[in-house]
């Protein structure tokens, strides 16, 4: 337990408490346990984190300074929470929750003449209330043969084996 950040453990406990509160009070489903083979791992660090954009590093408790690749500017303000997540392909991402101190923008007024209704369907991707139809792009059909091949390879592997994990990794990348 000493190897794990206390803030991350407390945040996990808060998330579990919120899940049970939603279950008992608001009719949500019973909280599910995470499986060992679940590919989406993430945890939150709510405090004692800092970011130095000049050297592109993040200070995390129990980890120290970690080099990061910044994809966009982070707004000036206080850093609230850092969420670290791992994708099925093994890449790690850090998302920052900041408070810039600005007020939320007010709701904009709209007129009913500018509203458009959209009906999403099976045969046509979308039908607008103006009568315009948008065809289904069918992106999956183009790569369906490769997908079938990779799924067949996964189905032939022994469950729990390393080769099956490698085949699933290739399937998630495609």
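Just so it is clear, none of the values below were taken in a lab; they were calculated from the coordinates. All values derive from a computational prediction rather than experimental measurement. Glycine gets a Cβ as well: all are built from the backbone with ideal geometry, and neighbour counts include every protein chain shown.
Note down the relative contact order for segment 89-134 as a percent, whole number, built from C-alpha pairs under 8 angstrom at least six residues apart. It would help to have the intermediate numbers written out before the result.
Values: 24 pairs, mean separation 9.0, N = 46.
Relative CO of segment 89-134 lands at 20 percent.
Describe numerically, in nm with one decimal, the distance between label points set 7 Å from Cα along Cα→Cβ at residue 169 and at residue 63.
Result: 2.0 nm between the two label points.
Two decimals, Cα atoms only, Kirkwood Rh: what is Rg/Rh over the chain?
Values: Rg = 22.7 Å, Rh = 21.5 Å.
Dividing the radius of gyration by the Kirkwood radius yields 1.06.
Take the Cα pairs of segment 1-71, get the Kirkwood Rh, then feed it into Stokes-Einstein at 20 °C and 1.002 mPa s and tell me D in µm²/s. Mind showing how you got there, number by number?
Details: Rh = 14.7 Å.
Reported coefficient: 146 µm²/s.
If neighbour count is taken as other Cβ atoms inside 10 Å, put 149, 49 in order from fewest to most. Walk me through the numbers on the way to the answer.
Numbers: 149 11, 49 19.
Listed from fewest to most nearby Cβ atoms, that is 149, 49.
How large is the helix-only mean residue ellipticity at 222 nm for the chain, computed as the sum of -39500 (n - 2.57) over DSSP H runs with n ≥ 4, divided by its residue count, in deg cm²/dmol to the nearest 500? Before the final figure, lay out each step's value.
Numbers: 4 runs with 50 residues, N = 174.
About -9000 deg cm²/dmol.
If I take every Cα pair under 8 Å that is 6 or more residues apart in the chain, average their sequence separation and divide by the length, what percent do I get for the relative contact order? Show your work: numbers first, answer last.
Details: 177 pairs, mean separation 22.1, N = 174.
Relative contact order, the chain: 13 percent.
Going by Cα centres, segment 126-172 and segment 6-22 are how many Å apart?
Their Cα centres are 34 Å away from one another.
If you average 1/r over every pair of different alpha-carbon atoms in segment 45-103 and take one over that average, what Kirkwood value in Å do you get?
On the way: mean 1/r = 0.0809 Å⁻¹.
This gives a value of 12.4 Å.
Taking 0.36 nm per intervening residue step and subtracting the Cα-Cα distance, what contour gain separates residue 12 from residue 134 on full extension?
Values: separation 122, 0.36 × 122 = 43.92 nm, distance 4.34 nm.
Going from the current span to full extension adds 39.6 nm.
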